[in-house]
Structures are given as structure tokens and as C-alpha cells.
Amino acid sequence: MSRSKDRVMLEYKDFTITFESVLFQGVNLRINSKSIMLGPNGSGKTTIIKATCGLIPYEGHIYVDGIEVRKVRNYLGLSTNLEEVYSIGRKVKDIVYLFEEIKDLDADMFNILLKEARIFEQVINKPLYKLSAGQSSIVRLALTLSTNPKIALVDEPFENLDPARRVLIAKWLKEYFNEGIVTTHELDLLREFKDWDSFILINGKIYGPVSVADLIEANVVEGKVENAILTIELQEGKTLSFIKNAQIGAKLTHLGSIDRIYGVM
Ligand SMILES: Nc1ncnc2c1ncn2[C@@H]1O[C@H](COP(=O)(O)OP(=O)(O)OP(=O)(O)O)[C@@H](O)[C@H]1O
């Protein structure tokens with residue numbers, strides 16, 4: 001498919017989400033390549049995916065491939081692994097039948113993926129809600145990827161998985177993910193996605209893009225530092241800078257999880 005040079009995959013304009021308090025305030029952001037969105041617990045990773053799928057109300061605008069999300073119902077080029085999307089169908093195999101009809105899901109690919117993860121027999125005749133958290137996560141990602149989406153929005157695909165399956169999921173994302181966002185708070189698998197962009201969600205703001213290749217070489221230090229690849233505001237008046245090839249600070253990837261970033265202060 002030819003791509004217009006002006007095409008923007010995902011665009012957020014004055015994007016604001018308010019629950020009891022404001023979570024995102026007037027975010028302006030363009031995402032144009034495969035991106036990892038990192039954020040500590042509660043930073044809004046799931047919320048931004050839900051809003052982009054049109055599942056929750058927001059202020060401002062979200063454009064998927066130039067189309068405002070509010071104006072489309074069931075945009076066929078978009079797929080997500082969010083649980084609420086798969087609450088239809090009694091058993092996993094019923095969800096597969098339905099998605100073959102409505103999303104052109106490739107059932108052969110889905111079956112191959114589940115067999116590769118060694119969970120096919122255990123899950124295919126069960127409802128999604130009866131699966132373990134890890135099994136459900138694998139099934140939902142396999143459903144997402146088997147629809148061969150133009151843009152995929154994948155929330156926390158590595159959660160609740162054993163080390164071997166985490167590596168397998170990283171392999172699937174590298175092979176079958178065309179464009180879109182993957183959210184995570186884990187840092188140790190970043191090395192698998194060196195040619196992707198990264199964004200950091202923190203304290204109601206979204207920072208980036210920075211290439212994952214640069215981010216995994218960065219050390220995190222307190223304060224504003226010249227030549228930093230990224231400077232983020234952790235909380236009112238407290239900043240952290242990400243610097244490449246530095247002899248000071250903590251290596252970001254050594255933190256294991258982005259949740260530990262608060263410990264750098
Ligand atoms: N429907 C809702 N009503 C009220 N508050 C909500 C709602 N959904 C999310 N929140 C709040 O918004 C914040 C962000 O939640 P979200 O689930 O998007 O975070 P997250 O980055 O995905 O976190 P985690 O890594 O823990 O999954 C949290 O403080 C959460 O309590």
C-alpha cells in the first residue's frame with residue numbers, strides 16, 4: 001500500500017481525559033511509526049488505548065489514519081488486545097468464528113500462534129474469562145495479530161507471562177506487528193525493539209519520540225542536563241534527564257521496570 005508522505009498514523013490534538021481529576025491535559029502528539037509506550041502504574045497507558053479505540057469519552061481530538069475516532073464505529077484497520085473487545089462469544093473458538101466474519105481474522109494463523117505458545121488445547125473450548133491471566137493475554141494478542149491490522153493498539157502484552165512466553169510474544173510483535181502502539185512498564189525487553197520509537201507517559205504528559213536504540217543506552221540523572229535525549233517532569237518541579245553514554249546516573253534498563261523511575265530521585 002502506498003503511503004502519503006503527509007499521512008499521520010495516530011494524532012492527538014488537545015487530548016484531555018478527566019476522571020475524578022485530570023489524567024491528561026491538552027496532549028498534542030503525533031505517532032508515525034511502531035512505538036513502545038512506557039509508563040509507570042496508573043500513568044494512563046490503558047486509558048489512552050481505550051480512548052483511541054473509542055471506548056471511553058475524551059476531550060480534544062484523536063485521529064487514526066486521519067479519521068477522528070468519534071466519527072467512526074468499528075474502524076476495520078484497527079485492532080486491539082483490550083479485554084472488553086472480546087467479551088462477545090461464549091468460547092475462544094466462538095470469538096474466532098465471529099472475528100472471521102467481522103474482522104477477516106485468519107483462523108489458521110490464530111491456531112498456529114496458539115500452538116506455538118502451547119496453549120491451544122487448554123483454551124480453545126473455554127470462555128475467555130475462565131482462562132488464566134497469562135493465557136487470556138496470549139489469546140487476545142493472537143486474536144489481534146491474526147486480523148492483520150493496519151494499526152494495532154496492544155496493552156501490556158508481557159504481563160503475567162513466564163520468561164519463555166515473554167520472549168515468544170516479543171518475537172510475534174517483531175514479526176506480525178505492522179504499525180501502532182505497544183504499552184508496557186517493563187524495560188528488559190526493550191532491546192528486542194531497537195528499531196521502534198518510544199514514548200514515556202508520566203504525570204499527565206507524554207514525552208517522545210526517542211528511538212528505543214537510544215533509550216536503552218541512556219542513563220537517568222536528576223535535573224535538567226544539556227544534550228539530554230529526553231527531559232521529563234516527574235512531579236512538580238522535579239525533573240529527570242536521559243543521557244546517552246554517560247558515566248553518571250542509573251542505566252535506565254537496569255531499573256527493570258519504569259515504575260522504579262521514582263527511585264532515581
Ligand atoms: N473509569 C475510570 N474511572 C476513574 N478513574 C479511572 C478510570 N479508568 C482509569 N482510571 C484512573 O486513571 C489512572 C490511569 O489508569 P490506567 O489504567 O490508564 O493506567 P495504566 O498506566 O494502564 O496503569 P497499570 O500499569 O497499572 O495498568 C489511574 O489512576 C486509574 O485509577
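The table below lists the values:
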quantity: Cα-centred dipole magnitude for the chain, charges only on beta-carbon of K, R (+1) and D, E (-1), debye, nearest 20; calculated: 280 debye
quantity: Listed residue (Thr47, Phe242, Tyr97) projecting farthest to the positive dipole end of the chain, Cβ model; calculated: Tyr97
quantity: Length released on extending from Asn245 to Asn178, taking residue separation times 0.36 nm less the Cα-Cα span; calculated: 21.0 nm
quantity: Accessible area of the stretch 96-163 divided out per residue, in Å², using a probe of 1.4 angstrom; calculated: 46 Å²
quantity: Accessible carbon and sulfur surface of the stretch 132-237 relative to its total accessible area, %, 1.4 Å; calculated: 43 percent
quantity: Dipole magnitude of the stretch 1-93, debye to nearest 20 (Cβ charges: Lys/Arg +1, Asp/Glu -1, about Cα centre); calculated: 500 debye
quantity: Contact order relative to length of the chain, as percent, for alpha carbon pairs under 8 angstrom and 6 or more apart; calculated: 20 percent
quantity: Loop sites in the stretch 222-259: GluC sites (Glu not before Pro), DSSP, at most 13 other Cβ within 10 Å; calculated: Glu226, Glu236
quantity: Accessible area of the stretch 188-246 divided out per residue, in Å², using a probe of 1.4 angstrom; calculated: 46 Å²
quantity: Cβ-based charge dipole, the stretch 1-130, positive-most Cα from Ser33, Val85, Tyr63; calculated: Ser33
quantity: Carbon/sulfur fraction of accessible area - the stretch 1-130, other protein chains in place, 1.4 Å, %; calculated: 49 percent
quantity: Å² per residue, accessible surface of the stretch 15-72 at 1.4 Å; calculated: 46 Å²
quantity: Neighbour cut-off at most 14 other Cβ (10 Å), DSSP loop, trypsin sites (Lys or Arg not before Pro), the stretch 87-148; calculated: Arg90, Arg118
quantity: Qualifying trypsin sites (Lys or Arg not before Pro) in the stretch 160-257, DSSP loop, other Cβ atoms within 10 Å at most 15; calculated: Lys194, Lys224
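The values are calculated or read from the model by the stated rules, or taken from the named source; none is laboratory data. Keep in mind the model is a prediction, meaning the values are calculated, not measured. Cβ atoms come from the backbone with ideal geometry, glycine included; neighbour counts cover every protein chain shown. Remember, those area values only see protein heavy atoms, side chains included, never the ligands or the DNA or RNA. Shrake-Rupley method; radii C 1.70, N 1.55, O 1.52, S 1.80 Å.
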